[in-house]
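First the structure, in the form of structure tokens, and then the observations on it.
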Amino acid sequence: MQIHILAVGKLKERYWAEAAQAYLKRLSFYADVYLDEVPDQPVPKTPSPGERDGVLAAEGEALLGRIKDRDWVTALTLDGRRWTSEQFAEQWQGWMSRGAARYVFVVGGTLGLHFRVTRRADALWSLSPLTFPHQMARVIVLEQLYRAFQILRGGTYHR
């Protein structure tokens, strides 16, 4: 099984990259997990609606270009479902039972995700009503995937 965290922009800060690597290492016991990044578009300080749409469309096209037809796609968005860690583990178990070759979690850029990306998604997930840096969101997704595997296998991490 492959899990791809598909995100806009790079992990620039060393501490986020190190945290992501720590969870990638932990997850390697359960699946092949990859961080896949597309370039973020420059966002003007006060973008007009047209500029916002242009940034979202360009980032959306780059993201959609990395998604395959048979991928199971979960987009992270404020409009998505919110789960406890236990509920997410149940969701994850259900998604895995679909037998997809790749499970893709999409994290947008500064402005979020283009509607075409959320429309392509099989599931929409909101981590919280709080706003997180997008770099942190990647780490949270990795951590929650690791926690879900631990919950499903009765591991001690979640206790």
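The values are calculated or read from the model by the stated rules, or taken from the named source; none is laboratory data. The shown structure was predicted, so the numbers you read here are calculated from the model rather than taken from an experiment. No Cβ is skipped: glycine too gets one built from the backbone with ideal geometry, and neighbour counts run over all protein chains shown. Side chains are part of the model used for accessible areas, which takes the heavy atoms of the whole protein and leaves out ligands, DNA and RNA. Shrake-Rupley method; radii C 1.70, N 1.55, O 1.52, S 1.80 Å.
Quick notes
- Those residues of region 107-150 which are in a strand (DSSP E or B) and either acidic (D, E) or out of contact with any Ser or Thr (no Cβ under 7 Å at 6 or more places or on another chain) (or both), in sequence order: V107, G109
- Top-ranked residue of region 56-92 - restricted to ones that are in contact with an Asp or Glu (Cβ under 9 Å, 6 or more places away or on another chain) and part of a loop (DSSP other than H, G, I, E, B), ranked as farthest from H4 (Cα to Cα): W83
- Of the candidates L78, L63, the single residue that is surrounded by fewer than 18 Cβ atoms within 10 Å (Cβ to Cβ), touching a residue at least 24 places away in the same chain (Cβ under 8 Å), out of contact with any Phe, Trp or Tyr (no Cβ under 9 Å at 6 or more places or on another chain) and not hydroxyl-bearing (S, T, Y) is L78.
- Of all residues in region 93-118 being farther than 29 Å from P39 by Cβ and in contact (Cβ under 8 Å) with a residue 12 or more places away in the chain, the one that is surrounded by the fewest Cβ atoms within 10 Å (Cβ to Cβ): R98
- Within region 24-37, considering residues that are open to solvent by 30 Å² or more (accessible area, probe 1.4 Å) and touching a strand residue (DSSP E or B) at 6+ places or on another chain (Cβ under 8 Å), the one farthest from A75 (Cα to Cα): D32
- Residue in region 34-44 that is touching a residue at least 24 places away in the same chain (Cβ under 8 Å), assigned to a loop (DSSP other than H, G, I, E, B) and farther than 22 Å from H114 by Cβ present: no
- Taken over region 40-56, residues that are open to solvent by less than 40 Å² (accessible area, probe 1.4 Å), within 21 Å of the chain's Cα centre (by Cα) and more than 24 Å from Y103 (Cβ to Cβ) amount to 1.
- Unmet criterion (only one of (1) open to solvent by 30 Å² or more (accessible area, probe 1.4 Å); (2) at pLDDT 95 or above) for P133: (2)
- The condition of being closer than 13 Å to L145 by Cα, of a type in the set (A, V, I, L, M, F, W, C) and at pLDDT 95 or above holds for only one of W95, W72, W16, that being W95.
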